[in-house]
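Visitor: Could you have a look at this structure, given as structure tokens, before my questions?
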Amino acid sequence: MKLRSPFAFVIGLILLISCQHNKINKTMNNANNKADSLINLMTLEEKIGQMNQLMNFVDTLPIESKFYNLIKEGKIGSVLNSFSPEMTREMQRIAVEESRLGIPLLVGRDVIHGYRTIFPVNIGLAATFNPDLVKECAKIAAAEARSEGINWTFAPMMDISRDPRWGRMAESSGEDPYLTEQMAMANIKGFQGENLSNKNSIAATAKHYVGYGAAIGGRDYNTTLIPETELRNVYLRPFKVAVEANVATVMSGFNELNGVPTSGNEYTIKEILKEEWNFNGFVVSDWASIKNLAIHGYAKDSLDATYKALRAGVDMDMCSSHYIENLKSLINNGTITQNQIDDAVKRILKIKFELGLFENPYATKESTLLTEYSKDIATKAVIQSTVLLQNKNKVLPLSKDIKKVAVIGPLADAPYEQMGTWVFDGKEENTITPLKAIEEFLGAEKVNYAPGLKISRTQNKNGFSEAIKAAKNSDVVLLFMGDESILTGEAHCRAKLTLPGYQNELIEEISKLGKPTVLVIMTGVILMVEPYLNQVDALFYGWHPGTMGGSGYVDLLFGIEPPSGKLPMTFPRTEGQIPIYYNHNNTGHPASDESWIRMYDIPEKAWQTSLGNTNHYLDYGFEPLFEFGFGLSYTKFNYSEIKLSKDILSMNDSLIVTAKIKNTGDFVAEDVAQLYVRDLVGSIVRPVKELKRFQRIKLNPGEEKIIEFVLFPKDLEFHNGKEWVIEPGDFHIWIGNSSKASLMSKFELIQ
Ligand code: BGC
């Protein structure tokens, strides 16, 4: 019986009429009903097929017969990565036109920080502290991806990351749950739009559920041990917000969490995500993470792994092929039920209906790739993400009348590397490198270019003399140093976080020349930059900036736009301080400038605690190099007069917090005003400071504005290991432009 065409036609008609101007909820109800009726028409094999996601390793047409048959027989519900738009179209055509029920494929891809227009890596995007801008980036990425047939991205990643050794910190929003939440929401809204069925929307994925960023030692895939309080208050928080923002899918992780791998974890997936939060999208495993259950030693064999993943609530199997191979036998021997299968399939079909794939399975025909608008937004993102860490003698901004500038370093003209990790679709030829942009801005005749090192890992000094000559013959030296893209990201973690190759030596040689020197670091991770502070005048942390890196840097270097990026992660002075993050709990022995003991001040044969006993290192103290939220501008901002609308806040009320900000310098500039809170006494110890709000604010020289934030008791909620509570008591509150904000006030929360 060939039900495919009439069924697809009727569904298409209904959807066309009913979905056009619907709001998300209505669409969801419709999608639910439609998924229900479709399930009734499906065989068990077809259902299991929907739960199977497969990567096609061959990128040529016509499609290999084995693969063609699987799609035709309805044994694949989704495909991912590594195929051309033509391939995508053909696979989709087979599913829609040749499979019995014509169910379209979910076409997934890692659209992580842009599709063709590549934006700064995600940690850089977080440094913008600008969710509106990040949302716009995601919206552009979605439209570009959909224009080539992709309808699902495996983003945003919302793993809290407090360890820069972890290469995947590049994909994260850093150490803070609130900032991560804001970035996650911005991305989801950007990818999914108002309504998933909008022609430019794609489904988003909240990943990696959960705790993946807490890998012990920062080594990717490593075990994670997270107590319930920290799991709830730190790691789960962004996911909860993502579910509230209607994220379509969640990806279970690779990590083992407190003894149970996250892709077989009933507690986190079934109980928390699906039952407690009522998540009604679907859960996809990470790449072969169902198969990994046996490698972890959590499942006996592939059958057992399949059972445990399904039992936990994983609805779709990414690339293990375990579901397609084993689910039928598990049904037949009564280990799992039809209901479990139906629930998973319904969730998957619902997203397909919501995306409008039954009417519009193919690529949008619009050519939206790399437009002038997307390039402008990408440039803006570079400008707002780059963090100025030092500007001695006001060496920056540079004058446009400069006579000669030396451009040096392996990242100065490395179009591929500057795009950063997870880039499938960005093109080198579209990328504006620093060299290209500076030559265009000043005129090539004013630029002395000598990379000094061929690539970031080059371990010889062959290019040094040319670089030194270029520097000697110039008025200013611009150093573009950093990491090749492959030195960051998944499975690329480092124990030593210094610039690779002979870059340190090159910086040292150049610094001996005594020329005004600016260092721009281009990477996805946090490197130990303390040594450079004495060697160069100015230091920009430019991340891997993406397609428009050069253009954004030129605007910053020459003062067309002043810097305003802020650190989304604490910068340690040395690797031995890791993990170090601003929102830690207090100890019973907190350190201070007065109390920390410097190693070389200790007299011989001193008694253990005679000089004091606080929480610090003898050699590196207790402070980081740069704190979370830090970033300089070309101007100065002064914060004063913090005021609260009340000193006593009751549970059903709100608190208005204001402060005065003045631009006391000479540049029109933006600052990120940040509000932090400390709950002084709790039923569990509360962090010494927590970011609760932030806002970008633009001021002319001499201009003063009142900044206003509104807080609610709900913002003070935390999980005490058993339940969510808002506890009455005393609070401190700060406003300023980093986590070291000192402008403080107090209030009391009462019942
Ligand atoms: C990564 C995921 C990614 C998936 C598909 C995995 O290795 O952990 O983040 O989405 O591959 O490419």
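The numbers here are math on the coordinates, done by the rules we state, and not lab data. In this text the structure is predicted, and so the values were computed from the model without any measurement. Note that each Cβ is placed from the backbone with ideal geometry, even for glycine, and that neighbours are counted across all protein chains shown.
Visitor: Expressed in nm to one decimal, what extension gain is obtained for the pair VAL725 and GLU708 from 0.36 nm per residue of sequence separation less their Cα-Cα distance? Can you show the working numbers first?
Guide: Values: separation 17, 0.36 × 17 = 6.12 nm, distance 2.62 nm.
Length gained, VAL725 through GLU708: 3.5 nm.
Visitor: List every DSSP H helix in the chain whose Cα atoms extend 20 Å or more along the helix's own long axis and whose mean Kyte-Doolittle hydropathy is at least 0.5.
Guide: Numbers: long enough: 4-19 (21 Å, 1.93); 24-40 (24 Å, -0.91); 131-146 (22 Å, -0.03); 177-192 (22 Å, -0.21); 338-354 (23 Å, -0.65).
Helix filter hits for the chain: 4-19.
Visitor: Roughly what % antiparallel, to the nearest 5, for the DSSP beta bridges in the chain? If you can, show how the numbers build up before the last one.
Guide: On the way: 49 of 90 bridges.
Bridges in the chain that DSSP calls antiparallel: roughly 55 percent.
Visitor: D for segment 43-186, whole µm²/s, Stokes-Einstein with Kirkwood Rh over alpha-carbon pairs at 25 °C and 0.890 mPa s: what number?
Guide: On the way: Rh = 16.7 Å.
After rounding, the answer is 147 µm²/s.
Visitor: With label points built 7 Å along Cα→Cβ from the Cα atoms of LYS469 and GLU530, find their separation and express it in nm.
Guide: Simple spin-label model gives 3.8 nm for this pair.
Visitor: Averaging over every viewing direction, what projected area does the convex hull of the Cα atoms of segment 560-624 cover, in nm²?
Guide: On the way: hull surface 26.5 nm².
Mean projected area of the Cα convex hull: 6.6 nm².
Visitor: From the square roots a ≥ b ≥ c of the eigenvalues of the alpha-carbon gyration tensor of segment 637-750, which class results: rounded (a/c under 1.5), prolate (a/b over b/c), or oblate?
Guide: On the way: a/c = 2.72, a/b = 2.17, b/c = 1.25.
Taking the square roots of the gyration eigenvalues as a ≥ b ≥ c, segment 637-750 is prolate.
Visitor: Residues with amide H under 5 Å of LEU743's amide H, sequence separation 5 or more or different chain, H placed in the peptide plane at 1.01 Å from N; which?
Guide: It is ILE735, by chain and number.
Visitor: To continue, here is another question. Express in whole angstrom the spacing between the alpha-carbon centres of segment 593-627 and segment 304-371.
Guide: Comparing the Cα centres of segment 593-627 and segment 304-371, I get a distance of 56 Å.
Visitor: Arrange the peptides 144-150, 295-301 so that the one whose residues have, on average, the most other Cβ atoms within 10 Å appears first. Walk me through the numbers before you get to the answer.
Guide: Numbers: 144-150: 24.4, 295-301: 14.7.
Going by the mean number of other Cβ atoms within 10 Å, highest first, we get 144-150, 295-301.
Visitor: Return a whole-number percent for the relative contact order of the chain, with Cα pairs under 8 Å and 6 or more residues apart as the contact set. Provide the component values of the computation, followed by the final result.
Guide: Details: 1807 pairs, mean separation 96.5, N = 751.
Reported relative contact order: 13 percent.
Visitor: To make sure I understand the rule: partners must be lysines, Cα under 21 Å from the Cα of LYS662, and not fewer than 8 residues away in the same chain. Which ones qualify?
Guide: Cα-Cα hits under 21 Å: LYS394, LYS566, LYS636, LYS643, LYS698, LYS705, LYS740.
Visitor: Return the FRET efficiency for the residue pair ARG311, THR587: r is the Cβ-Cβ distance, R0 is 56 Å, and the value is rounded to the nearest 0.05.
Guide: Taking R0 as 56 Å, the efficiency between ARG311 and THR587 is 0.85.
Visitor: How big is the antiparallel share of DSSP beta bridges in segment 637-750, given as a percent to the nearest 5?
Guide: Counting only bridges with both partners in segment 637-750, antiparallel ones make up about 95 percent.
Visitor: Scan around LEU453 for amide H atoms under 5 Å from its own, H built in the peptide plane at 1.01 Å from N, and keep only partners 5 or more places away or cross-chain.
Guide: GLY409
Visitor: So, by mean Cβ neighbours within 10 angstrom, what's the order for 201-209, 92-100, 353-361 with the highest one leading?
Guide: Values: 201-209: 27.7, 92-100: 18.7, 353-361: 23.2.
Ranked from most to least packed, the peptides come out as 201-209, 353-361, 92-100.
Visitor: Still on this structure, I have one more. With a cut-off of 20 Å, note down the residues of segment 718-751 whose backbone N falls inside the zone around a label point 7 Å from the Cα of THR658 toward its beta carbon.
Guide: Taking a point 7 Å out along Cα→Cβ of THR658, the residues of segment 718-751 whose backbone N falls under 20 Å are 733-737, 743-748.
Visitor: Right, next: Return one quarter of the surface area of the convex hull spanned by the alpha-carbon atoms of the chain, equal to its mean projected area, in nm².
Guide: Mean projected area of the Cα convex hull: 35.3 nm².
Visitor: For segment 717-734, in order, what is each residue's ³J(HN,Hα) by Karplus, 6.51 cos²θ - 1.76 cosθ + 1.60 with θ = phi - 60°, in whole Hz (x at glycine and Pro)?
Guide: Result, rounded to whole Hz: 5, 8, 9, 9, x, 10, 7, 7, 9, 10, 9, x, x, 9, 10, 9, 9, 10.
Visitor: Under the definition of Cα pairs under 8 Å and six or more residues apart, what whole-number percent is the relative contact order of segment 306-418? Working shown, then result.
Guide: Working: 23 pairs, mean separation 20.0, N = 113.
That works out to 18 percent.
Visitor: For a Förster distance of 30 Å, can you work out the FRET efficiency between the beta-carbons of TYR267 and THR574, rounded to the nearest 0.05?
Guide: Details: r = 37 Å, r/R0 = 1.23.
That gives a FRET efficiency of 0.20.
Visitor: Using each residue's phi in segment 272-289, evaluate 6.51 cos²θ - 1.76 cosθ + 1.60 at θ = phi - 60° and report the 3J(HN,Hα) Karplus result to the nearest Hz, with x for Gly and Pro.
Guide: Per-residue couplings from phi come out as 7, 5, 8, 8, 6, 9, 6, 4, 10, x, 10, 9, 10, 6, 6, 3, 6, 6 Hz.
Visitor: While we're on this one: How high is the relative contact order of segment 637-750, in percent, with contacts defined as C-alpha pairs under 8 Å that are six or more residues apart? Let's see the in-between values first.
Guide: Working: 266 pairs, mean separation 38.5, N = 114.
Across segment 637-750, relative contact order equals 34 percent.
Visitor: Where nothing but the Cβ of Lys and Arg (+1) and of Asp and Glu (-1) is charged, how large is the charge dipole of segment 637-750 around its Cα centre, in debye to the nearest 20?
Guide: Values: 16 positive and 17 negative charges, 36 e Å.
Value, rounded to 20: 180 debye.
Visitor: Right, another one. Long-range amide H contacts for SER252: which residues qualify at under 5 Å (H placed 1.01 Å from N, peptide plane, sequence gap of 5 or more or a different chain)?
Guide: It is TYR209, VAL284, SER285, ASP286, by chain and number.
Visitor: Residues of segment 702-716 with amide nitrogen under 19 Å from the 7 Å Cα-to-Cβ point of MET651?
Guide: Correct set: 711-716.
Visitor: Okay, moving on. Report ³J(HN,Hα) in whole Hz for each residue of segment 632-647, in order, from the Karplus equation J = 6.51 cos²θ - 1.76 cosθ + 1.60 where θ = phi - 60°; Gly and Pro get x.
Guide: Here the 3J(HN,Hα) series is 8, 10, 7, 10, 10, 10, 10, 9, 8, 6, 5, 9, 10, 5, 7, 8 Hz.
Visitor: Given labels modelled 7 Å from the Cα in the Cβ direction, how far is it in nm from ARG93 to ASN504?
Guide: 5.7 nm
Visitor: Mind scanning LYS274/LYS328; LYS66/LYS346; LYS308/LYS328; LYS189/LYS240; LYS135/LYS436 and naming the pairs with a C-alpha gap bigger than 20 Å? The partial results should precede the final answer.
Guide: Working: LYS274/LYS328 24 Å; LYS66/LYS346 27 Å; LYS308/LYS328 15 Å; LYS189/LYS240 15 Å; LYS135/LYS436 28 Å.
Too far apart for the 20 Å limit: LYS274/LYS328; LYS66/LYS346; LYS135/LYS436.
Visitor: For the ranges 430-436, 336-342, 117-123, 135-141, what's the packing order if you count other beta-carbon atoms within 10 Å of each residue, average per peptide, and put the highest first?
Guide: On the way: 430-436: 22.4, 336-342: 15.1, 117-123: 32.0, 135-141: 24.4.
Highest-to-lowest ranking by the protection proxy: 117-123, 135-141, 430-436, 336-342.
Visitor: Determine the calculated [θ] at 222 nm for the chain from helices alone, applying -39500 (n - 2.57) to every DSSP H run no shorter than 4 residues and normalising by the residue count; nearest 500 deg cm²/dmol.
Guide: On the way: 18 runs with 197 residues, N = 751.
Computed ellipticity for the chain at 222 nm equals -8000 deg cm²/dmol.
Visitor: Between ASN462 and VAL681, 0.36 nm times their residue separation minus their Cα-Cα distance comes to what?
Guide: Numbers: separation 219, 0.36 × 219 = 78.84 nm, distance 6.00 nm.
Stretched out fully, the ASN462 to VAL681 stretch lengthens by 72.8 nm.
Visitor: Would you tally the net charge around SER551, using a Cβ to Cβ cut-off of less than 13 Å, leaving SER551 out, and scoring K and R as +1, D and E as -1?
Guide: Working: positive: LYS375, LYS380, LYS436; negative: GLU372, ASP376, GLU439, GLU440, ASP555, GLU561.
Net of charged neighbours comes to -3.
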